[in-house]
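The structure appears below as structure tokens.
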Amino acid sequence: MSDAPAPGAPAVAVATGVTRFFRGREHLAFVVAAARRPASAGRRLHFWSAGCATGEEPYSLAMALRADLPASADWRILATDISTLALQAAQRGNYTAAQAAAVPRRYAATAFATRTGPDGDVLRIDDELKRMILFRRLDLGRTPYPVRGAFDTILCRDVMIDFDPRQRAGAVAEFHRLLRRGGHLIVGESEALPGVADRFERSQPSVYRRI
Ligand SMILES: C[S@@+](CC[C@H](N)C(=O)[O-])C[C@H]1O[C@@H](n2cnc3c(N)ncnc32)[C@H](O)[C@@H]1O
């Protein structure tokens with residue numbers, strides 16, 4: 001997807017796809033539930049938001065992990081996208097009140113610091129949450145990925161839609177390589193991954209457990 005904005009388009013219009021805070025909330029709840037036991041046992045957990053767009057997905061996950069796991073839980077999130085403009089916006093972590101309104105109240109109270117600027121209020125992601133996420137540019141269409149595993153969960157939701165069969169197969173093979181055994185690959189609600197039964201078993205719609 002191109003990063004080139006239409007002439008005169010505001011930067012935000014460059015965002016390369018639909019995303020919003022807590023989109024697919026049940027996926028986030030699934031990730032937190034699966035993380036509870038290893039987190040309580042003291043193991044560091046690794047998550048990857050592959051195709052993170054402007055940051056709403058990894059920040060939502062970070063909010064849920066911080067609030068819903070024990071305070072001692074040790075976790076990190078890798079967040080990648082092909083779009084450098086989307087990544088710049090994600091790293092800035094500034095959102096409008098309308099965007100932030102999608103964050104459930106129990107998380108929103110500690111997720112943002114509000115700053116009033118010339119154009120009104122800007123909600124800026126809390127620094128502690130930001131520090132938990134490493135943003136990097138990565139093209140999921142090119143394998144092998146320059147990434148070290150092993151991940152507990154990889155979220156790759158609504159990213160592979162335009163991939164051709166070869167790219168999709170390559171991505172699935174890489175996700176399998178980089179996931180822990182028993183870890184999960186979560187794709188978009190309307191996506192299916194045919195032909196992966198030898199490497200993944202379907203835990204629930206759009207959630208695949210690595211064998
Ligand atoms: C519809 S957004 C989904 C954002 C987020 N995963 C979510 O579910 O809210 C799709 C994102 O995938 C990214 N993307 C598309 N092709 C990609 C590729 N080959 N490698 C990495 N990211 C890609 C786009 O730049 C965009 O940010």
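Key figures
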quantity: Close pairs from segment 24-47: first of a type in the set (Gly, Ala, Ser), partner open to solvent by 80 Å² or more (accessible area, probe 1.4 Å), Cβ under 6 Å, at least 6 apart; calculated: none
quantity: Residues being surrounded by fewer than 18 Cβ atoms within 10 Å (Cβ to Cβ) and more than 12 Å from the chain's Cα centre (by Cα) - total across segment 70-81; calculated: 4
quantity: Test: residue in segment 126-140 that is closer than 22 Å to GLY182 by Cβ, within 16 Å of the ligand (Cβ to nearest atom) and in contact (Cβ under 8 Å) with a residue 60 or more places away in the chain; calculated: no
quantity: Residue under evaluation THR143, criteria (1) of a type in the set (Val, Ile, Thr); (2) away from the ligand (no atom under 12 Å from the Cβ); (3) over 17 Å from the mean Cα position of the chain (by Cα), criterion not met; calculated: (2)
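The values are calculated or read from the model by the stated rules, or taken from the named source; none is laboratory data. From a predicted model like this one, the values you see are computed outputs, not experimental measurements. No Cβ is skipped: glycine too gets one built from the backbone with ideal geometry, and neighbour counts run over all protein chains shown. The area values use the complete protein model at the heavy-atom level, side chains included, leaving out ligands, DNA and RNA. Shrake-Rupley method; radii C 1.70, N 1.55, O 1.52, S 1.80 Å.
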